[in-house]
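Values in this text are rule-based calculations from the coordinates and carry no lab data. Just so it is clear, the model here is predicted, and its values are computed rather than measured. Backbone-built Cβ (ideal geometry, glycine too); neighbour counts: all protein chains shown.
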Amino acid sequence: MKTHFTSLDRHVSCECDYHEPDRWRNLLAIGAEPGLVARGSGLSYVAASFSEGGTSIGMRQFNRILALNEQARWIEVEAGVTLGKLYHVLIPRGLQLPVQASYHTITVGGCIAGNVHGKNHGREGVFGRHVLGLELFHPRHGVITASPTENAELFDLTIGGFGLTGIILRARLALAPLDGAEVEEQTIPVGSLEEAFREVGRLQNEVDMLYAWLDLANPHRPTGAGFITIARTVSGPPVKVEAFGERLEPNRPDWRRQRVFRAATLPWINRLYRQMGLRHAGPRRVPLSALLFPAVGKEFYFHLFGEPGFLEQQVLIPSPAVDGYIPEFRRRLTRHGVPVALTTLKAFKGGRRHLLHYDGDGFSFTIDVCDGRNARALLADLDDLNTSVGAMTCVIKDSRLSAEVVRRQYIGWGELRDGLAAFDPERLFGSALSKRLEL
Amino acid sequence: MKRSVIIGASAGLGRALAERLAALGHNLFLVASDQRDLAPLAGDLTIRFGVDVTVLAADLYRVDAGLIRERALSALGGVDNLLLIAGFSAPAIDRGAITPEMVDRMITINLSAMIQVVNAFLPELANAQGGNLVGAGSVAAVRGRRSNMVYGAAKRGLEGYFESCRHWLANKAGARVQFYRLGYLETQMVFGQKLPFPALHPDAAAAAIVAHFGQDTGTRYLPRWWWLVMTLIRLIPWVIFKRLEI
Ligand SMILES: Cc1cc2nc3c(=O)[nH]c(=O)nc-3n(C[C@H](O)[C@H](O)[C@H](O)COP(=O)(O)OP(=O)(O)OC[C@H]3O[C@@H](n4cnc5c(N)ncnc54)[C@H](O)[C@@H]3O)c2cc1C
Ligand SMILES: NC(=O)c1ccc[n+]([C@@H]2O[C@H](COP(=O)([O-])OP(=O)(O)OC[C@H]3O[C@@H](n4cnc5c(N)ncnc54)[C@H](OP(=O)(O)O)[C@@H]3O)[C@@H](O)[C@H]2O)c1
């Protein structure tokens, strides 16, 4: 079926063929044609699961749980299973996935292919670290089993490989025990970007989750005051596994998609949000799902950018570079006069730089801005700054990132491209993202 | 624990019904043609809902209703609900002459295999107090058109057979009969087709079907508003109807 897909940031729209097989014989009959790519829930900010004239294979129907070993702590699933479905099965059994992206309809296939990060990078690392094995389909190679010990090179390319090695059919994932059934959350005020980086660095080993929300909505006074949210899981009554209501659907027309975020409104909105955050400083008990899926219930945030959408830049800044980075970042923000709708900060620890994985040591610093000429000029300017300090930009979040910037920021770009070419010389799998990054 | 048999359980409405009934604690016996689809579904339902799920991969085109009954009874120890959901249509070609093999396939899967299966279970259904016999028909069978010619005829035949079953079971302490003239469902059967009316999600259809369990409703439309659409279509005078491309 011919379909129009739009990336979540609304930056890229393509017409492509879409198939959503619901039986194995239809999935395995997919022919060898260029421009194939798997699609989970289509929640990547960038166009990672479709391309103009390509063929996207929706995996939503392949969402079954195949096996669960509570003693050995692993679960085997089809790749279209969502994090929300796993939450409902695992939490009552006192188990959880060690790394979870922040939204309930994100699929396991999307988590593997995007090698996503979770709430506490220092403790759990990235998603790929917990994949014990998987099964992949490629029309030329058939069904292949891969794990760290079997077809290890292919396994390595598939983790964080943006669906470019083929369609992940099934995966076996390691599980972690649930630390507690409830979460105690607290917010701590910070007066500046400098203080936020310092405090996030200091607190990272002490809590189960932490992130900073910072106010950079006024580019002419970008102090970056805000608050740090820290959370610890604590024992409590058995978890009530509530149903998740809304689901983000970037491809459906939605009357709520109205542009509210503007230069005039953002400083007020951010000020209000900061006051609310500090007024309810806590400590307070919140349900576990609020820790695991903080974006649930806040879907309206994406609508407030309106049809033009937004741009996100998420960069991993090495710790030693932070002191030099902050003043330079502020200077560029003021020069371009771009209000930032959302600024967040997390700590990363102990990861390794590999291929195009968003992984390593340092601080994950994220800004969302309304799409526009000034915003693009700012982000292009920041690309130079990021590259010069050795930072890496998360490629699955930023729709305008060029191949050249990625080549300069990631030592693994060439290795991924060469690995893909060796496995699949015809390069049957591709997306708008892989084309832009010249993979 | 209730015991339910679903024929055509691996995809679409049948799969949605399997999930719904498993969530209600039914032990299940599921039939479809491909073990690769049935086994994962059985695993999923067992893990999530703790019910017993047995599957049988069997092609209804070459149905052995006796075998289905024997396996179902040995797995479940009896049957409370029998749901005949499988269906096969070929709208792109089922308009005018088609191959004899295709006619045979469509009549067999949609009609004669269904009759064979119900027939095999009639002794159980006659005693299944509180149980249900559910059939999946189609709005395509309500007024014959030049599209879905054989499919429509087979579904109309099935509707007739269910009417007879309802009558046969009426004075027995057995299963209640519900037959649905289904409108469009958001399943593979209509995937990618431009539809003149909205399609119902299979989960919603399954919820409605299960909600009617225990009721002696006979034939009804699902969703209900199809009654209005089909009544209007039936009222279109022949001189106009014969010119319509519907
Ligand atoms: C509200 C929200 C919160 C988020 N939170 C986080 C977060 O906390 N941490 C984080 O790291 N990211 C986060 N993300 C980003 C998101 O986790 C990733 O973009 C993820 O890849 C999306 O998964 P998806 O199922 O929607 O996949 P899609 O967007 O459909 O696809 C993403 C990529 O995965 C590939 N893929 C999907 N399924 C398969 C398969 N079966 N086989 C092979 N390849 C496949 C696609 O080809 C594509 O390259 C968030 C996104 C949103 C919208
Ligand atoms: N979808 C619609 O818009 C629509 C509209 C009106 C009426 N209906 C009717 O509603 C019912 C359900 O439709 P659906 O859309 O859910 O269908 P579907 O998605 O095509 O699923 C049909 C199920 O029946 C099984 N099946 C089909 N042929 C079989 C065979 N020869 N042997 C064994 N199993 C077989 C299929 O499994 P395998 O493929 O593995 O065999 C599958 O599990 C059908 O009776 C259909 O005619 C549907």
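Axis angle, to the nearest 10 degrees, between helix B:12-23 and the longest C-alpha principal axis of chain B: 30 degrees.
Counting only trypsin sites (Lys or Arg not before Pro) that are in a DSSP loop and have at most 11 other C-beta atoms within 10 Å, tell me the longest site-free stretch of chain B.
On the way: sites that count: B:Lys194, B:Arg224, B:Lys242, B:Arg243.
Formally, the longest exposed-site-free interval is B:1-193.
For the stretch A:63-77, the Karplus equation 6.51 cos²θ - 1.76 cosθ + 1.60, evaluated at θ = phi - 60°, returns couplings of 10, 9, 8, 9, 7, 9, 10, 6, 6, 7, 6, 9, 9, 10, 9 Hz by residue, with Gly and Pro reported as x.
Phi-derived couplings, Karplus 6.51 cos²θ - 1.76 cosθ + 1.60 at θ = phi - 60°, listed residue by residue for the stretch B:45-61: 5, 5, 5, 6, 10, x, 9, 8, 10, 10, 10, 9, 8, 8, 8, 5, 5 Hz, with x used for Gly and Pro.
Using only DSSP helix segments of four residues or longer, with each worth -39500 (n - 2.57), what per-residue ellipticity at 222 nm results for chain A after dividing by its residue count and rounding to 500? Don't skip to the end; give the middle numbers.
Numbers: 14 runs with 118 residues, N = 439.
It comes out at -7500 deg cm²/dmol, rounded to the nearest 500.
The Rg/Rh ratio of the stretch A:295-340, with Rg taken over Cα atoms and Rh as the Kirkwood radius over Cα pairs, comes to 1.10.
For A:Arg247 and A:Leu132 in the same chain, what is the full-extension length gain: residue separation times 0.36 nm, less their Cα-Cα distance, in nm? Let's see the in-between values first.
Working: separation 115, 0.36 × 115 = 41.40 nm, distance 2.89 nm.
Separation in residues times 0.36 nm, less the Cα-Cα distance, equals 38.5 nm.
Restricting the calculation to alpha carbons of the stretch A:102-157 gives Rg and Dmax of 12.7, 39 angstrom.
The mean number of partner chain beta-carbon atoms within 10 angstrom of a residue's beta-carbon across peptide B:37-44 is 6.
Extending 7 Å from Cα along the Cβ direction at B:Asn171 and again at A:Arg221 yields two label points whose distance is 9.0 nm. If you build a Gaussian network model of chain B, linking Cα atoms that sit under 10 Å apart, which residue out of B:Ala57, B:Ala90, B:Ala211 swings the most? Fluctuation is largest for B:Ala211.
Just tell me how shielded B:45-54 is by partners: mean number of partner chain Cβ atoms within 10 Å of each residue's Cβ, no decimals. Intermediate values should be presented prior to the final figure.
On the way: counts 2, 3, 10, 6, 1, 0, 0, 0, 0, 0.
Average per residue, whole number: 2.
Extension gain for the segment A:Glu15 to A:Asn374, taken as residue separation times 0.36 nm less the Cα-Cα distance, is 126.4 nm to one decimal.
Can you tell me the alpha carbon radius of gyration of the stretch A:170-214 divided by the globular rule-of-thumb value 2.2 N^0.38 Å? Intermediate values should be presented prior to the final figure.
On the way: Rg = 15.0 Å, N = 45, 2.2 N^0.38 = 9.3 Å.
Relative to the rule-of-thumb radius for its length, the stretch A:170-214 sits at 1.60.
Across chain A, the longest piece that holds none of the trypsin sites (Lys or Arg not before Pro) lying in DSSP loops with up to 14 other C-beta atoms within 10 Å covers A:141-239.
The alpha carbon gyration tensor of the stretch A:131-223 gives principal lengths a ≥ b ≥ c with a/c of 1.5 or higher and a/b greater than b/c, which makes the shape prolate. Peptide B:146-157 shows a mean partner chain C-beta count of 0 within 10 Å per residue C-beta. Restriction of the GluC sites (Glu not before Pro) in the stretch A:122-158 to DSSP coil positions whose beta-carbon has at most 12 other beta-carbons within 10 angstrom yields A:Glu150.
Along the stretch A:2-9 the Karplus relation, 6.51 cos²θ - 1.76 cosθ + 1.60 evaluated at θ = phi - 60°, assigns HN-Hα couplings of 6, 9, 9, 10, 10, 6, 4, 7 Hz to successive residues, with x for each Gly and Pro.
Annotation: amide H-H contacts under 5 Å for B:Lys2 (H modelled 1.01 Å from N, sequence separation of 5 or more, or interchain): B:Asn27.
Label positions at B:Arg220 and A:Arg93, each projected 7 Å from the Cα along the C-beta direction, are separated by 3.8 nm. Could you compute the FRET efficiency for A:Leu272 and A:Val234, with r as their C-beta to C-beta distance and R0 at 45 Å, rounded to 0.05? Between A:Leu272 and A:Val234 the formula returns 0.90. Distance between the C-alpha centers of the stretch A:1-25 and the stretch A:348-387? Whole Å please. Comparing the Cα centres of the stretch A:1-25 and the stretch A:348-387, I get a distance of 27 Å.
A cut-off of 5 Å between modelled amide H atoms, ignoring neighbours fewer than 5 places along the same chain, links A:Val190 with A:Gly226, A:Phe227, A:Ile228.
Using only the Cα atoms of the stretch B:3-241, build the gyration tensor, take square roots of its eigenvalues as a ≥ b ≥ c, and label the shape rounded, prolate or oblate: rounded if a/c is under 1.5, else prolate if a/b is larger than b/c, else oblate. It comes out prolate by the Cα gyration axes. Its alpha carbons considered, the stretch A:292-417 gives a radius of gyration followed by a Dmax of 14.7, 40 Å.
How much mean residue ellipticity at 222 nm does chain B get from its helices, if each DSSP H run of length 4 or more adds -39500 (n - 2.57) and you divide by all residues, to the nearest 500 deg cm²/dmol? Please list the in-between numbers first.
Details: 9 runs with 108 residues, N = 246.
Counting only the DSSP helices, I get -13500 deg cm²/dmol.
What FRET efficiency do you get for A:Arg198 and A:Ala290 if R0 is 35 Å and r is their Cβ-Cβ distance, rounded to the nearest 0.05?
Numbers: r = 26 Å, r/R0 = 0.75.
Rounded to the nearest 0.05, the efficiency is 0.85.
In this label model, B:Leu235 and B:Val103 are separated by 3.6 nm, measuring between points 7 Å along each Cα→Cβ vector. In the calculated pair-distance distribution of chain A, the portion above 43 angstrom amounts to 8 percent of the Cα-Cα pairs.
For B:Lys194, the lysines whose Cα falls under 21 Å of its own Cα, not counting residues fewer than eight places away in the same chain, are A:Lys2. Across chain A, Cα pairs under 8 Å and at least six residues apart give a relative contact order of 19 percent. Estimated from the Cβ-Cβ distance and a Förster radius of 56 angstrom, the FRET efficiency linking B:Arg146 and A:Ser319 is about 0.15.
At full extension, A:Asp179 and A:Glu70 could sit 37.7 nm farther apart than now, given 0.36 nm per residue minus the alpha carbon distance.
List the GluC sites (Glu not before Pro) within the stretch A:346-439 that fall in a DSSP loop (any state other than H, G, I, E or B) and whose Cβ has at most 14 other Cβ atoms within 10 Å. Could the numbers behind the result be given before it?
On the way: sites: A:Glu404, A:Glu415, A:Glu426, A:Glu438; in loops: A:Glu426, A:Glu438.
The qualifying sites are A:Glu426, A:Glu438.
Of the DSSP beta bridges with both residues in the protein assembly as shown, give the percent that are antiparallel, rounding to the nearest 5. Counting DSSP beta bridges with both partners in the protein assembly as shown, the antiparallel share is about 65 percent.
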